[in-house]
Amino acid sequence: MLVSARHEPITRERLAVDCRAQLRSRLENAVLSRLLMILPTLDARLRGWPLRGIVMLALVAVLLPLSLRRLIDGDEGYLLMAGRLVSEGQRPYADFFSPQMPALAYIFGFWFSVLGRSWVGARVLCSLVAAATGLCLFEYVWRATRSRAWALVGVGFYLAHGFVLGWFTIAKTYGLTAFFAMAGALALVLPRRHLTLVLGGLGFALAAQTRLYAAVLLPCGAFFLLRDNGWHRRTLNALAWYTLGAGLGALPILPSLWASPEALWFGIMEFHGMREAGQNALVGDLKQKWEMLLNLLPFKGMEGPSHVQFLFVLVLALVARVAHVSKGFGVAGIAWLTLFAASLLPTPTHAQYFCVLVPLLIADGLTLMAGRPFSSAWAPVLVVSGFYLGMGTMEAERYTKTGLHVPGVWTPDRVERWSLKTMKQVQRAIDAQQVSEAASWWPGYFVGSKTRLVSGLTNDFGLRVADRVTPEKKAQYHLASHADMAAMIVARAPRLFVEGNWAATPIANLLPANAYVLSATVSNVRVWVAPAP
């Protein structure tokens, strides 16, 4: 038995209590010292979150009202119809024709499943995605320049850019592609951890799941990691985690690939080689691409002031590239350079494709302000910002009110037919007929309707190519031709036809001749109903 200095026996129980007390004291001291080391850093990080919250609120405050007022783009009809079909349990390509990658259909399908189907709900999601892209841009510029002021300038340039106001606020693929690209770029410049590497690969892969040619971002991320670290064991480890994220981002395409690889291949590849009259190649028509570039930059005409804004941010980013000021933050530069070239691949090429580059261009361009003599160049920035903001205001007016030169709308007299108000009125007129199935040349009228659209007409682009494939392939790819629509009218099946956007006039004239009765008229839209058999 142990004996203490006072000749008191020390039992095993008392010895255990003393040991636990000493361990507890040492642990408390260690934790306290660790907290004292972490708290200053934690306090600095927390100080930034109120500003991030204010930036996000400002982004939503601008983008949400604009999104709800933005005139409808014709492509939104089939894209949101794809979301409706997914929310009803169907798969892209395998169960309906789609010429786009599947991520948008799944994202909007999930949104519709949770909150219900509506144009307004879809536009709310678009504005939230666009705001999230702006927040990623803010964080990227803040880290690149170590200046909140320049980060706020970046958000201002983003919010005032006509391409952002016009194309990120609607249910097309551009907003999602830009978000995933910007999020992936941001993840790769955050402190290098397994999670950030996975998120970088995931972001770039999901960008490709919305627009196929955005797959060029994946090698950009790998090149960035190799350029920064060289061929080291830790670089290979980083590439492995990055590849894991890319693999996770590829998952949305697997159900369609498993169900019908032929239909998938036709939708994302073959269709784009025949979508225009006389087109027989996936990539080509260099003359059209050159004319588009002259319009985009703009050296020869333009759709609106947003083309001048695009030239400004492009020049800013090019100067940053030449000046080599973005060391350690070059992933945005690598990404936009590669994506610019890839955006020229589709035939025909449209100026709107390049809107996806805007956040990356601003992020890369403003890294120029991280070094002298640019770090205090506020006077010219304020002057340029005034003109830039003025052009953005003009663009907002064009996309929400006048529709002048807006693709799909083009002229002010067509504004009413492409408004959300008209969509709601047409939807009510369709559902008032209480018919289970209907047909139309444009599927957008049925996004929020209770009425089902005839299979084969859920995508208006299918009408362009249905006669260019065999009857067996037409059935496999879920296509319908104009001749098929004429046969439906003659057979009076389905009983309800909506004649409006994209209506083929010679065939639409068959409706009254085959006992269809005009039930409702909204703007340019006419709802026809045949008598019950």
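The values are calculated or read from the model by the stated rules, or taken from the named source; none is laboratory data. Please read all numbers here as calculations on a predicted model, not as lab measurements. Every residue, glycine among them, receives a Cβ derived from its backbone with ideal geometry; neighbour counts consider all protein chains shown. The area values use the complete protein model at the heavy-atom level, side chains included, leaving out ligands, DNA and RNA. Shrake-Rupley method; radii C 1.70, N 1.55, O 1.52, S 1.80 Å.
Quick notes
- Of the strands (runs of 3 or more DSSP E) that lie entirely inside segment 435-533, not one contains 3 or more residues that are under 22 Å from residue 172 (Cβ atoms).
- Any hit, segment 358-365, residues being acidic (Asp, Glu) and at pLDDT below 90: no
- Only one of the numbered conditions (1) at pLDDT 95 or above; (2) in contact with a Phe, Trp or Tyr (Cβ under 6 Å, 6 or more places away or on another chain) is violated by residue 173, and that is (2).
- Looking only at residues of segment 336-350 that are open to solvent by 10 Å² or more (accessible area, probe 1.4 Å) and part of a helix (DSSP H, G or I), we find that the one that is nearest to residue 317 (Cα to Cα) is 337.
- For first residues located in segment 473-501 and over 18 Å from residue 430 (Cα atoms), partners that are part of a loop (DSSP other than H, G, I, E, B) and open to solvent by 60 Å² or more (accessible area, probe 1.4 Å) and lie 6+ apart or on another chain with Cβ distances below 7 Å form the pairs 478/455.
- Hey, residue 271 surrounded by 21 or more Cβ atoms within 10 Å (Cβ to Cβ) and either at pLDDT below 95 or under 30 Å from residue 85 (Cα atoms) (or both) or not: yes
- Residues that are closer than 15 Å to residue 160 by Cα and either without any contact (Cβ under 8 Å) to a residue 40 or more places away in the chain or of a type in the set (Asp, Glu) (or both), drawn from segment 297-322: 311
- Count - residues of segment 100-119 that are part of a loop (DSSP other than H, G, I, E, B) and out of contact with any Gly (no Cβ under 7 Å at 6 or more places or on another chain): 4
- Beta carbons closer than 9 Å, at least 6 apart along the sequence or on distinct chains, pair a first residue in segment 83-107 that is in contact (Cβ under 8 Å) with a residue 24 or more places away in the chain and more than 24 Å from residue 275 (Cα to Cα) with a second that is among the basic types (Lys, Arg) and open to solvent by 20 Å² or more (accessible area, probe 1.4 Å) for 87/117.
- Evaluation of residue 374 against (1) open to solvent by 20 Å² or more (accessible area, probe 1.4 Å); (2) within 18 Å of residue 146 (Cβ to Cβ); (3) at pLDDT 95 or above; (4) not basic (Lys, Arg) (one fails), failing number: (3)
- Conditions (1) open to solvent by 40 Å² or more (accessible area, probe 1.4 Å); (2) more than 26 Å from the chain's Cα centre (by Cα); (3) more than 25 Å from residue 522 (Cα to Cα); number of the one not met by residue 478: (2)
- Boolean, residue 117 is farther than 23 Å from residue 384 by Cβ, open to solvent by 30 Å² or more (accessible area, probe 1.4 Å) and not polar (S, T, N, Q): yes
- Given (1) farther than 30 Å from residue 77 by Cα; (2) at pLDDT 95 or above; (3) among the basic types (Lys, Arg), index of the condition residue 193 fails: (2)
- Scoring residue 188 on the criteria (1) under 22 Å from residue 333 (Cα atoms); (2) open to solvent by 30 Å² or more (accessible area, probe 1.4 Å) leaves a single failure, condition (2).
- Boolean, residue 94 is touching a Ser or Thr at 6+ places or on another chain (Cβ under 9 Å) and more than 26 Å from residue 137 (Cα to Cα): yes
- The residue that is surrounded by the fewest Cβ atoms within 10 Å (Cβ to Cβ), counting only those in segment 302-335 that are small (Gly, Ala, Ser) and at pLDDT 90 or above, is 304.
- Within segment 520-533, the set of residues being open to solvent by less than 60 Å² (accessible area, probe 1.4 Å) and at pLDDT 95 or above comprises 520, 522, 525, 527, 528, 529, 530.
- Residue that is free of Cβ contacts under 8 Å to residues at least 40 places away in the same chain, assigned to a helix (DSSP H, G or I) and either on the phi < 0 side of the Ramachandran plot or more than 25 Å from the chain's Cα centre (by Cα) (or both), where the choices are 199, 226: 226
- Among all residues of segment 156-175, there is none that is farther than 30 Å from residue 410 by Cα and either assigned to a helix (DSSP H, G or I) or open to solvent by 20 Å² or more (accessible area, probe 1.4 Å) (or both).
- Looking only at segment 129-155, and only at residues there that are among the small types (Gly, Ala, Ser) and closer than 21 Å to residue 64 by Cβ, the one that is surrounded by the fewest Cβ atoms within 10 Å (Cβ to Cβ): 132
- Residue 123 vs. criteria of a type in the set (Lys, Arg), modelled with pLDDT of 95 or more and more than 14 Å from the chain's Cα centre (by Cα): no
- Hits in segment 377-420 - residues which are open to solvent by less than 30 Å² (accessible area, probe 1.4 Å), among the polar types (S, T, N, Q) and outside any loop (DSSP other than H, G, I, E, B): 400
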